[in-house]
Amino acid sequence: MTNQAVQEALNLQVANWSVLYTKLHHYHWYVKGHHFYTLHEKFEQLYTAAAKYMDDTAERLLAIHGKPVSTMKEQLAMATIQEASGGGSESAEQMVKELADDLSAIALQLADGIEAASEAHDDPTADLFTSIRSDIEKHNWMLHAYLG
């Protein structure tokens, strides 16, 4: 793989984490029901992590002379996850299910990014992707445990 493939993998992460950051705020603001406090706090924890992942991947991209997507229009066009539907009509369970699906998709993309970075002999990017993947797999395990 080339540096271009690594840059594309990094930019995909920037786009997805940007969309997920906003989606997690939507969930944080609109969650209702018996598990409000637990999920309200979990969504805050996750949007804080999303901000870090977005920034870390964008800065890594800049370090290897790439250009991170930096507008919502670009991010929505590149992202493979969908933004929240809006209106706050989702149930807490729907929010958790969609979030778990998003994290699963991102984990698979990170695995592809790790492979691309390894083939390009870009160990720092491979390490960054590995660290993020480890974190989100733990979060995803917890979300699936919540769903039962």
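The values are calculated or read from the model by the stated rules, or taken from the named source; none is laboratory data. Please read these numbers as outputs of a predicted model, since none were measured by experiment. All Cβ positions, glycine included, derive from the backbone under ideal geometry; neighbour counts span all protein chains shown.
Residue count for region 46-69 under the criterion of being within 14 Å of the chain's Cα centre (by Cα) and free of Cβ contacts under 8 Å to residues at least 12 places away in the same chain: the result is 3.
Here TRP17 does not qualify as assigned to a helix (DSSP H, G or I), in contact with a Gly (Cβ under 9 Å, 6 or more places away or on another chain) and modelled with pLDDT of 95 or more.
Scoring LEU110 on the criteria (1) at pLDDT 95 or above; (2) within 19 Å of HIS26 (Cβ to Cβ); (3) in contact with a helix residue (DSSP H, G or I) (Cβ under 8 Å, 6 or more places away or on another chain) leaves a single failure, condition (2).
In region 130-148, which residues are under 17 Å from THR48 (Cβ atoms) and either touching a strand residue (DSSP E or B) at 6+ places or on another chain (Cβ under 6 Å) or among the basic types (Lys, Arg) (or both)? Scanning region 130-148 gives a single hit, LYS138.
When region 110-123 is filtered for residues that are within 14 Å of the chain's Cα centre (by Cα) and buried (at least 18 other Cβ atoms within 10 Å of the Cβ), the ones remaining, listed by number, are LEU110, GLY113.
Summed over region 85-133, the residues that are assigned to a loop (DSSP other than H, G, I, E, B) and of a type in the set (D, E, K, R) give a count of 2.
Only residues that are touching a residue at least 60 places away in the same chain (Cβ under 8 Å) and of a type in the set (Phe, Trp, Tyr): list them for region 18-32, please. TYR27, TYR30, listed by residue number.
Condition check for TRP141 on (1) of a type in the set (Phe, Trp, Tyr); (2) surrounded by fewer than 20 Cβ atoms within 10 Å (Cβ to Cβ); (3) touching a Leu at 6+ places or on another chain (Cβ under 8 Å): one failure, at (3).
Taken residue by residue, region 49-58 has at least one member that is among the hydroxyl-bearing types (Ser, Thr, Tyr) and either in a helix (DSSP H, G or I) or surrounded by 15 or more Cβ atoms within 10 Å (Cβ to Cβ) (or both). Considering region 76-109, the residues that are acidic (Asp, Glu) and surrounded by 17 or more Cβ atoms within 10 Å (Cβ to Cβ) include one that is nearest to ALA63 (Cα to Cα), namely ASP102.
Count of region 62-91 residues, restricted to those that are hydroxyl-bearing (Ser, Thr, Tyr) and over 17 Å from LEU10 (Cα atoms), is 3.
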